[in-house]
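Here the structure comes first, spelled out in structure tokens, and everything after it is commentary.
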Amino acid sequence: MPPPLLGSLASLARQNERTEADGLERIEDEADLNDRISRKMLVRVPVSAALGINGNLPANRRYCRPWAATFLADLARDHAAEFHRSLEVSSAVRTVEYQKQLEKVNGNAAAAEGDIASPHLTGAAIDIAKQGLSAREIGWMRAWLLPLQEAGKIDVEEEFQQACFHITIYKSYATPERRAKPAEPRPQQATNSPSPSSSF
């Protein structure tokens with residue numbers, strides 16, 4: 001079993017720096033979100049037989065950046081080929097307005113503003129639910145994601161209180177050589193400081 005892909009404040013700061021370098025602004029409110037959807041700056045999460053989405057998410061929060069949608073399609077396809085079942089997106093795009101409300105009720109929620117704000121506010125981050133995944137599936141996910149993180153295509157924060165893989169996907173994922181084949185699970189030490197109760 002590969003070790004957890006643990007988060008840290010340094011990782012969250014890097015996610016903010018990288019999404020800013022990708023030219024992504026934080027989405028302020030519902031009007032801003034709907035405008036970006038209408039201009040196709042955000043696309044629908046690619047729901048399929050291999051990928052579901054949390055039914056409680058409002059319709060306009062089932063969107064992400066185009067390269068994040070490509071990532072999701074790739075991940076879901078490979079997971080379904082291995083396990084013959086679907087993954088679930090538990091969270092996708094959020095607004096600053098919503099994140100401020102979340103901060104009031106969830107002490108583990110990431111900030112809505114500043115250098116360590118939630119990358120969900122840019123539409124470049126998604127959460128994959130861990131609930132219902134077997135230990136073998138969780139190990140497979142870690143092994144699939146780690147080479148992409150090492151290549152600088154994504155950043156992963158494996159959360160435990162909310163039980164999900166929080167994944168920020170960078171524009172560079174959309175390049176033709178977007179990822180190498182996942183490595184075989186191998187024992188190694190996690191390089192990030194743990195932050196098991198964070199909610200990004």
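In the stretch 158-171, what residues are more than 8 Å from the chain's Cα centre (by Cα) and part of a strand (DSSP E or B)? Spell out how you get there, then give the answer.
Filtering the stretch 158-171 for residues more than 8 Å from the chain's Cα centre (by Cα) gives 158-164, 170-171.
Correct list: E158, E159, C164.
Take the residues of the stretch 96-136 that are of a type outside the set (D, E, K, R), farther than 22 Å from E17 by Cβ and modelled with pLDDT of 95 or more: which is nearest to the chain's Cα centre (by Cα)?
I128
With the structure loaded, tell me whether R36 is touching a residue at least 24 places away in the same chain (Cβ under 8 Å) and either touching a helix residue (DSSP H, G or I) at 6+ places or on another chain (Cβ under 9 Å) or within 27 Å of I138 (Cβ to Cβ) (or both) or whether it fails that test. Steps first, answer last, please.
Values: touching a residue at least 24 places away in the same chain (Cβ under 8 Å): yes; either touching a helix residue (DSSP H, G or I) at 6+ places or on another chain (Cβ under 9 Å) or within 27 Å of I138 (Cβ to Cβ) (or both): no.
In short, no.
Do we find a residue being touching a residue at least 24 places away in the same chain (Cβ under 8 Å), more than 28 Å from A143 (Cβ to Cβ), over 14 Å from the mean Cα position of the chain (by Cα) and not in a loop (DSSP other than H, G, I, E, B) anywhere in the stretch 60-72?
Within the stretch 60-72 (the criterion being touching a residue at least 24 places away in the same chain (Cβ under 8 Å), more than 28 Å from A143 (Cβ to Cβ), over 14 Å from the mean Cα position of the chain (by Cα) and not in a loop (DSSP other than H, G, I, E, B)), the answer is yes, since at least one residue qualifies.
Any residue at all in the stretch 90-98 that's in contact (Cβ under 8 Å) with a residue 24 or more places away in the chain, buried (at least 21 other Cβ atoms within 10 Å of the Cβ) and farther than 24 Å from A49 by Cβ?
Yes, because at least one residue in the stretch 90-98 is in contact (Cβ under 8 Å) with a residue 24 or more places away in the chain, buried (at least 21 other Cβ atoms within 10 Å of the Cβ) and farther than 24 Å from A49 by Cβ.
Of all residues in the stretch 117-131 being part of a strand (DSSP E or B) and not β-branched (V, I, T), which is surrounded by the fewest Cβ atoms within 10 Å (Cβ to Cβ)?
Within the stretch 117-131, the first condition is being part of a strand (DSSP E or B), and the residues that meet it are 117, 125-129.
So of that shortlist, the ones also not β-branched (V, I, T) come out as 117, 125, 127, 129.
Details: A117: 21, A125: 27, D127: 22, A129: 18.
It comes out as A129.
Just give me the residues in the stretch 150-167 being in contact with an Asp or Glu (Cβ under 8 Å, 6 or more places away or on another chain) and either among the hydrophobic types (A, V, I, L, M, F, W, C) or at pLDDT 95 or above (or both), in sequence order.
Scanning the stretch 150-167 gives C164, F165, H166, I167.
Can you pull out the residues in the stretch 75-89 that are over 15 Å from D127 (Cα atoms) and in contact (Cβ under 8 Å) with a residue 60 or more places away in the chain?
First, pick out the residues of the stretch 75-89 that are over 15 Å from D127 (Cα atoms): 77-85.
Correct list: D78, H79.
Take the residues in the stretch 1-58 that are touching a Phe, Trp or Tyr at 6+ places or on another chain (Cβ under 7 Å) and assigned to a helix (DSSP H, G or I); name whichever of them is surrounded by the most Cβ atoms within 10 Å (Cβ to Cβ).
L12
Mind checking whether some residue in the stretch 174-187 is at pLDDT 95 or above and on the phi < 0 side of the Ramachandran plot? Steps first, please.
Taking the stretch 174-187 first, the residues at pLDDT 95 or above are none.
Within the stretch 174-187 (the criterion being at pLDDT 95 or above and on the phi < 0 side of the Ramachandran plot), the answer is no, since none of the residues qualifies.
The values are calculated or read from the model by the stated rules, or taken from the named source; none is laboratory data. Computed from a predicted structure; not experimentally measured. Ideal geometry is used to build each Cβ from the backbone, glycine not excepted, and the neighbour counts take in all protein chains shown.
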